[in-house]
Amino acid sequence: MRRRRLRTALILVTVIVVMFSLTGLTSIIPVSTATFTRPTVYSPAYKGMMIRRLTIREVPQNIIDPNNIDIIQTLSGLNFSKRVWWYPVSVCGKSVYTTVKSDSGEFNIKAMLGLDPNEVLNLSSAIMAGRWITNEDYYACILPDNIADALKVNVGDVISIPSQGIKLRVIGIISTDIANKLNDLDGYPITPLNPDSVSQLLRGYVQEEVWVPLSFREVIIVPSRLLLDLGGYIASLATRCDDFEALRNNVTRLAMSLQLLNFYLCDGRNVLMASPFTAFSLYGWTLVLTPVLIAAFIMASTILGNVRERKRDIETISSLGLSPRGVGFLFIIETLCYALTGYTIGYLGGMLANILLYKFNVLPPEFIVNSSSLATSIALIMGMLAVLIPSIYPAVTASRVVVPSLERKWRIPTKPKGDEWEVPLPFSTKDEKEVLGILRFMEEYLDAHRKESPEVFIVDDVYVRGVERELHAQTRLQPLEAGVVQDVFLRAIWSESESRYTFTLYLKLLAGRREVWISRNREFIDAIRKQLLLWRSLTPSERGSYIEKMLGSDKE
């Protein structure tokens, strides 16, 4: 990289441009929308919409904020009726009820239900006597027939709720048989849940919570505004609408604005539930995809040209002992340096350009500066892959410069014949004195393995015959329990055709099973080969010292 500064600069500029475009001109923008699904439980009671916060299982957290009603009605342009729930105080954590009294009797109710004059559920069809609630009604109530019978009251009579200190005039009586058959769009009655089966309402121990709505036989109906003043809360909203498509469009806007609300729509036959859903839009990615691909091909072409230019360097590195795989990794690591450097510079430049372009209104208002988000991580990973992936082919090409064939790993070229095995090693030299130094170097290596070690062999005896240019050793192979013993001869043989000394390893089995001898010798032969290759990594002075030691021992 330092020797070819112009090429390095050109590659680095290409990488920086890729990173810059991916971080500065792209973004992932969250987009809110609504999904419509059919609920498992539903009832097409009327054409229109019903809104509930969470589900009935979240009582008493299913409170709809009264401030949201104005937002809903403004966005939809529709008028909604409120359903208000009110629960009495728990009595010693054993039961939840309050007493309703008249001059002739009393009755314990579990809750009160507050409704509006424009209630969309057809409860008016259940009225047996009297009328429905009007806008002028406040201290008024509609009694179920069983409670009216227990209190012995009729339309126009007055009842009281001592716990709240109020008196209510009976304006109507409903049939519980008819009212209990009327369900809302979510498939449940509009009555409050039974507080005795919900621990947060009972304020006591509940063996198993069951979310079951109360029967109309256990509640009384009052105007919603009275119940809100008594401390009740809005549990649901409902409205009628014959234009289903307009209703669906309204719900899409509402679901994006009010995240915790569930919207139920009905066209008279089917019910759909709308829930908010956040999707992500890819901004600018289609614009930079083609330039990124072009830059990737430029990177591949540039690095491949780099391999061709550095063929002599590759051969030099290989001669020093670096494997073909190592040569390939050398180019990948070099490309990784380009990627990391371009990653940093391109990211900083892209973020700066991102902020400036957004500030001067060059980018659209919905564009989000993703300085530390997942979007930026994806962009940078894509940029690095665009740099690294094209380097794979040049790296493979570089490794083939070292070994042109398909063979990437050295294999033993011969097979044993009986109890003997002769293996030519991929190592040679022209210098006879160097042969002696190599044998001395290998003698030192084998002599260091006289004790048991992680290696596959243990050496019992080793010596060098300088005149014969031969090293002899007697070794035992692991596992020692197999009793495999062999003679080892490392010979330097002069080749007339190549005009150099080649090295051959000769093995002879002395004791032990032949199958174990063959299988364990593969590791032993490979260890000898690798140690021979290490000779080239020694400095000239170190090699000279081994040669001098060998020559000195021969003189003695």
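The values are calculated or read from the model by the stated rules, or taken from the named source; none is laboratory data. Computed from a prediction, not measured in an experiment: that's the story for all the values here. Note that we place each Cβ from the backbone using ideal geometry, even for glycine, and neighbour counts take in every protein chain shown.
Things worth noting here:
- Residue tally, condition touching a residue at least 60 places away in the same chain (Cβ under 8 Å) and either farther than 16 Å from Arg469 by Cα or among the hydroxyl-bearing types (Ser, Thr, Tyr) (or both), over segment 493-509: 10
- Residue match in segment 89-96 (condition: assigned by TED's automatic domain parsing to the domain that holds Pro162 and within 17 Å of Gly165 (Cα to Cα)): yes
- Residues that are surrounded by 19 or more Cβ atoms within 10 Å (Cβ to Cβ) and farther than 18 Å from Tyr501 by Cα, drawn from segment 467-480: Ala473, Thr475, Arg476, Leu477
- Selection status of Val41, at pLDDT below 85, in a helix (DSSP H, G or I) and hydrophobic (A, V, I, L, M, F, W, C): no
- Top-ranked residue in segment 492-505 [being within 59 Å of the chain's Cα centre (by Cα) and not hydroxyl-bearing (Ser, Thr, Tyr); ranked as farthest from Thr475 (Cα to Cα)]: Phe503
- Filter result for Gly483 (at positive phi and surrounded by 14 or more Cβ atoms within 10 Å (Cβ to Cβ)): no
- Of the residues making up segment 467-479, those that are closer than 15 Å to Ala527 by Cβ and assigned to a strand (DSSP E or B) are Leu471, Ala473, Thr475, Arg476, Leu477.
- Residue in segment 443-466 that is part of a loop (DSSP other than H, G, I, E, B), in contact (Cβ under 8 Å) with a residue 12 or more places away in the chain, touching a Lys or Arg at 6+ places or on another chain (Cβ under 6 Å) and surrounded by 15 or more Cβ atoms within 10 Å (Cβ to Cβ) present: yes
One line per residue, one yes/no per condition, for (1) more than 29 Å from Asp419 (Cα to Cα); (2) assigned by TED's automatic domain parsing to the domain that holds Asp447; (3) among the β-branched types (Val, Ile, Thr):
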| site | (1), (2), (3) |
| --- | --- |
| Ala473 | no, yes, no |
| Pro479 | no, yes, no |
| Asp487 | no, yes, no |
| Trp494 | no, yes, no |
| Thr502 | no, yes, yes |
| Tyr506 | no, yes, no |
| Leu509 | no, yes, no |
| Ser545 | yes, yes, no |
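- Residue match in segment 518-537 (condition: among the aromatic types (Phe, Trp, Tyr), surrounded by 13 or more Cβ atoms within 10 Å (Cβ to Cβ) and not in a strand (DSSP E or B)): yes
- Leu230 meets the stated requirement of being touching a residue at least 12 places away in the same chain (Cβ under 8 Å) and more than 19 Å from Leu185 (Cα to Cα).
- Qualifying residues in segment 158-178 (those that are touching a Lys or Arg at 6+ places or on another chain (Cβ under 9 Å) and farther than 15 Å from Glu106 by Cα) - the one surrounded by the fewest Cβ atoms within 10 Å (Cβ to Cβ): Thr176
- Residue satisfying all of: in segment 350-377; assigned to a helix (DSSP H, G or I), over 28 Å from the mean Cα position of the chain (by Cα) and surrounded by 16 or more Cβ atoms within 10 Å (Cβ to Cβ); modelled with the lowest pLDDT among these: Tyr358
- Condition check for Asp137: under 15 Å from Glu106 (Cα atoms), crowded, with 17+ Cβ neighbours inside 10 Å and charged (D, E, K, R): no
- Of the residues in segment 141-157, none is under 47 Å from the mean Cα position of the chain (by Cα) and outside any strand (DSSP E or B).
- Residue that is farthest from Ala255 (Cα to Cα) [pool: residues in segment 54-91 that are in a strand (DSSP E or B) and modelled with pLDDT under 85]: Val91
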